[in-house]
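As C-alpha cells, the structure follows; a few thoughts come after it.
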C-alpha cells in the first residue's frame, strides 16, 4: 500500500482551531437514515470535528486518521475512540458500523481499497456519507480577492486530490445506492486575523511556504484590509457543503 499523503500534520494545531465545524442539521439528517444508532466510524477524522458532532446521535464514535499529529490535536470525548489508522485498513470489526462518515477527506483515499473496507465494516443496509466544502464566501469584494489567491497564487500548489473537491466530487466513484440529501452550509464568524489563519490551514498555502520560504497570506492580508470593513470586525464566513450519501 503506498504511503499516505500527509498534508495536514504540519498545521494540525491551527487546523483544529480554525477549520469550520458542521451544522447540527447535517448530523440529524444522517442519523435519520440509520435504524440503529450504536456505532459510527468517522474516517479521516482529522482533529475530530465531525466525530464530536456525531456523539449527540450515536452511542459510540470510532474516529480514525493516519496522522498522529492530527489525533494529538483532537477533541476528547467520552464517546469517541480515536485510532491512528488508515482509511483502507482498520481494526474495526466486520459489520459493526451503522454509519460511516468522512468529512473533507474522501478525496485523499484509495477509493477501491477504502470502499472494500467500508463494505466490510458496515452493517447490511448501513449508510456511508462523504462531504467536502467549497471555497468560502464572505462578501463580493472579499470573495474576488480570495478566489484570485486560490486560483492564481496557489494554482501550482494544489494537488490532483484537491482538484476533485473543485469538481464537487462529481468525478469520484461512489459505488453505493445513492440517497438524495438536502443542501447544507457551514457558517462561522471570523475577523480578518482569524480568516487569514484559516487560509493558512490550506495544504496549498503550506506547500507554497515550504517551496518559497515565505507566507503568501501576508500580502493577501494587505489586500483584504482594503475590503474588510474593520479588521477586528467579525463577518459571517459561509462554506457550501457537497454531500454524497449511499447505502450498502
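Relative to the compact-globule scaling 2.2 N^0.38 Å, provide the ratio for the alpha-carbon radius of gyration of segment 26-112.
That works out to 1.00 for segment 26-112.
Counting only Cα atoms, I'd like the Rg/Rh figure for segment 12-247, Kirkwood definition for Rh.
Expressed as Rg/Rh, it is 0.98.
Points 7 angstrom from Cα along the Cβ direction at residue 177 and residue 83: gap in nanometres?
2.6 nm
Mean separation of Cα pairs under 8 Å and 6+ residues apart, divided by the residue count of segment 12-247: what relative contact order is that in percent?
Rounded, it is 22 percent for segment 12-247.
Semi-axes, largest first, in whole Å: what does sqrt of 5 times each Cα gyration tensor eigenvalue give for segment 147-248?
Each semi-axis is √(5λ); the values are 30, 20, 9 Å.
Which value, to two decimals, describes the C-alpha radius of gyration of segment 66-113 once divided by 2.2 N^0.38 Å?
Dividing the Cα radius of gyration by 2.2 N^0.38 Å gives 1.24.
Rounded to a whole number, what is D in µm²/s for segment 123-182 from Stokes-Einstein with the Kirkwood radius over alpha-carbon pairs (37 °C, 0.692 mPa s)?
This corresponds to a translational diffusion coefficient of 231 µm²/s.
Between the alpha-carbon centers of segment 126-192 and segment 49-66, tell me the distance in whole angstrom.
22 Å
Rule-based calculations on the coordinates, nothing more; no lab input. Quick caveat, the model's predicted, so the values are computed rather than measured. Virtual Cβ from ideal backbone geometry, glycine too; neighbours counted across all protein chains shown.
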